[in-house]
Amino acid sequence: NKNSMKDKRIGIIGAGPSGLAQIRAFEALKEQGYAMPEIICFEKQDNWGGMWNYSWRTGVGKYGEPLHGSMYKYLWSNGPKECLEFSDYSFDEHFKKPISSYPPRPVLFDYIQGRIKKSNARDYIRFDTTVRWVSFDENSKKFNVILDDLKIDKTYSEELDYLVVASGHFSTPNMPYFKGIENFPGTVMHAHDFRGADQFKDRNILLIGSSYSAEDIGVQCYKHGAKSVTLSYRSNPIGIEWPEGIKELPMVTHFEGDTAFFKDGTTEVYDAVIMCTGYQHKFPFLPDELRLKTKNNLFPDNLYKGILFNALPQLIYLGMQDQYYTFNMFDAQAWLARDFMMNRLTLPKETERRMDIDKWLDRNNKLENSLDNVDFQSDYIKDLLSLSDYPHFNVDKVAEMFKEWLQDKEENILTYRDKTYQSVVTGTMASQHHTEWMDELDDSKERYLYQGEQEEVLQDN
Ligand code: FAD
Ligand code: NA0
């Protein structure tokens, strides 16, 4: 019955790529003639895009809320765009011409907005609105959500039938302590507050961590003129051949003044320490019994199909996994979540769902390396795709691209972004960017697209 849901109310927390995917999923069904439930998306920032909505601020936003953004100037995609392409809205459809495989942040931000701008999505979103607290009434089976309208400083509440938590999980720093760091005279910050490499020019910097943030902030500081970059690992080094000027050392044991001491006995003097030590899944608006409690991993526990809170499936989490796949995974999740909310998907019993979760958890526990991780998340995506009508794409081909990307990075961390890949959505081969990544110091959309247009003019002539 295409009208059965029209009296229901659905709340979405966050208008980042995950929250926007949820809105887009409903819109897609509306186009098929379904009556829509009422959809309200709460977004504490004044614009959509989540992480991709760059902010120059650190600490708190203009209304005193913890600042969400962890992105920085000069950030370029860290994986091929062909691995995240929406299968219902291609890069070709958006940019009308081939672009390179590793666009800078403003270009991806533009792409995310493209398909949603074509609809009335903005009408669903209440900006400058923070979700303060959520409770669930066992009798009415509804959520009560307390909200702050930040602009007018007013608290109010809404009753909802379903709640989709799409608030992201790369925003609240995990900040370890090292003995003596309180007396370090230079800059100490977390990657969350890093806004660009400019201030680290000619500086000796120490990055703690060995994952994406350490790798990318390290390489960016190198590119923009840091004197030296040291990465300090806890478990495993990134272990690639670094260019002269970047090196990896084992974990710091402590600091004395501006000197860091490492596990292998090395000591070195630094101007700045950047903790690239990851983030916490943090939901200050959720009570104990509704809160997802997990580390950053590929299959958080208690989520059926990685999205439905098993004890209460009316509560849905999007994008809570560690991410190889991003935008297309959020889509596949959002389409399935939509079908569940629209009564188009019947759930098995809680115990059976538990067994399905355990199956994924068992496999997750056995993963040994990045290649296994890619296969795991690819199989997860295939499982999601088999359950909804999100346009299918060649997941095996994307998995291959991820594996090539891992190889590219290992071969040369400074040039991997100059490689090109082929779209699984349109078959289009990416174009070569006009400037090699190491020489490109401008990440603006204008600069990125401008030269391309010049080329077109030349070709036309
Ligand atoms: P987010 O983008 O984090 O959006 C969550 C939204 O929820 C935000 O708008 C926030 O304001 C809102 N919100 C949070 N709490 C509340 C509340 N209480 N009330 C109201 N609103 C709230 N992915 C890639 O694919 N490629 C990359 O190159 C890449 N680079 C990255 C670089 C960095 C530094 C980081 C941190 C992440 C990067 N990612 C990258 C991963 C990125 O997290 C995802 O691409 C994507 O942004 C996740 O979308 P999301 O909607 O789940 O979360
Ligand atoms: P991320 O690198 O910020 O990426 C997030 C790292 O921190 C691990 O190396 C971990 O070591 C280390 N660590 C944690 N606690 C520590 C402690 N107490 N002492 C020492 N080291 C500690 O975080 P994680 O979780 O991957 O790694 C934590 C996301 O941001 C990624 O999904 C990525 O896609 C995104 N990102 C993208 C880009 C670009 O696209 C740039 C930055 C970040 P161990 O021992 O646990 O291995 C350009």
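Go through Ile217, Ile240, Ile246 for me and flag whichever is within 16 Å of ligand 1 (Cβ to nearest atom), among the β-branched types (Val, Ile, Thr) and modelled with pLDDT of 95 or more.
Ile217
Quick check on region 139-184: of everything there that is more than 25 Å from the chain's Cα centre (by Cα) and on the phi > 0 side of the Ramachandran plot, which residue is surrounded by the fewest Cβ atoms within 10 Å (Cβ to Cβ)?
Per the criteria, the residue is Asp153.
Please go through region 392-423 and pick out each residue that is surrounded by 15 or more Cβ atoms within 10 Å (Cβ to Cβ), under 14 Å from Ala332 (Cβ atoms) and over 21 Å from the mean Cα position of the chain (by Cα).
none
Do you know which residues across region 90-110 are aromatic (Phe, Trp, Tyr), surrounded by fewer than 23 Cβ atoms within 10 Å (Cβ to Cβ) and under 19 Å from the mean Cα position of the chain (by Cα)?
Phe109, the sole residue that qualifies.
So in region 249-269, with the set limited to residues that are surrounded by fewer than 16 Cβ atoms within 10 Å (Cβ to Cβ) and either of a type in the set (D, E, K, R) or modelled with pLDDT under 95 (or both), which one is nearest to Asp198 (Cα to Cα)?
Going through the qualifying residues, I end up with Glu256.
Conditions: (1) within 15 Å of ligand 2 (Cβ to nearest atom); (2) within 12 Å of Tyr111 (Cα to Cα); (3) not aliphatic (A, V, I, L, M). Gly69 meets all but one. Number of the miss?
Here Gly69 clears every test but (2).
Do you know which residues across region 32-52 are in a loop (DSSP other than H, G, I, E, B), surrounded by 19 or more Cβ atoms within 10 Å (Cβ to Cβ) and of a type in the set (Gly, Ala, Ser)?
The one that is in a loop (DSSP other than H, G, I, E, B), surrounded by 19 or more Cβ atoms within 10 Å (Cβ to Cβ) and of a type in the set (Gly, Ala, Ser): Gly49.
If Val424 satisfies every condition in (1) more than 19 Å from Ile307 (Cβ to Cβ); (2) part of a helix (DSSP H, G or I) but one, which is the exception?
Checking Val424 against (1) more than 19 Å from Ile307 (Cβ to Cβ); (2) part of a helix (DSSP H, G or I), the one that fails is (2).
Just one of (1) closer than 23 Å to Pro173 by Cα; (2) among the hydrophobic types (A, V, I, L, M, F, W, C); (3) out of contact with any Gly (no Cβ under 8 Å at 6 or more places or on another chain) trips up Ala272, so point out which.
If we test Ala272 against (1) closer than 23 Å to Pro173 by Cα; (2) among the hydrophobic types (A, V, I, L, M, F, W, C); (3) out of contact with any Gly (no Cβ under 8 Å at 6 or more places or on another chain), just (3) comes out false.
Report whether or not Pro284 is surrounded by fewer than 17 Cβ atoms within 10 Å (Cβ to Cβ), free of Cβ contacts under 8 Å to residues at least 60 places away in the same chain and within 16 Å of ligand 1 (Cβ to nearest atom).
yes
For region 55-73, which residues satisfy the criterion of being surrounded by 19 or more Cβ atoms within 10 Å (Cβ to Cβ) and within 18 Å of Pro103 (Cβ to Cβ)?
Residues satisfying the conditions are Met71, Tyr72.
Can you name every residue in region 174-196 that is assigned to a helix (DSSP H, G or I) and either in contact with a Pro (Cβ under 6 Å, 6 or more places away or on another chain) or among the hydrophobic types (A, V, I, L, M, F, W, C) (or both)?
Within region 174-196, Ile181, Ala191, His192 meet the criteria.
Looking only at region 61-105, how many residues end up being under 19 Å from Tyr448 (Cα atoms), outside any loop (DSSP other than H, G, I, E, B) and within 12 Å of ligand 1 (Cβ to nearest atom)?
Number of matching residues: 5.
Taking Arg122, is it modelled with pLDDT under 95, more than 28 Å from Leu286 (Cβ to Cβ) and either within 9 Å of ligand 1 (Cβ to nearest atom) or part of a helix (DSSP H, G or I) (or both)?
So Arg122 fails the test.
Being more than 8 Å from ligand 1 (Cβ to nearest atom) and under 19 Å from the mean Cα position of the chain (by Cα) is the filter here, so list the residues in region 22-45 that pass it.
Gln22, Ile23, Arg24, Ala25, Cys41
Have a look at Arg338, Arg344 and point out the one that is charged (D, E, K, R) and buried (at least 18 other Cβ atoms within 10 Å of the Cβ).
Checking each option against the conditions leaves just Arg338.
The values are calculated or read from the model by the stated rules, or taken from the named source; none is laboratory data. Everything numeric here is computed off the predicted structure, so don't read it as measured data. Cβ coordinates were reconstructed from backbone atoms using ideal geometry, including for glycine residues, and neighbour counts include every protein chain displayed.
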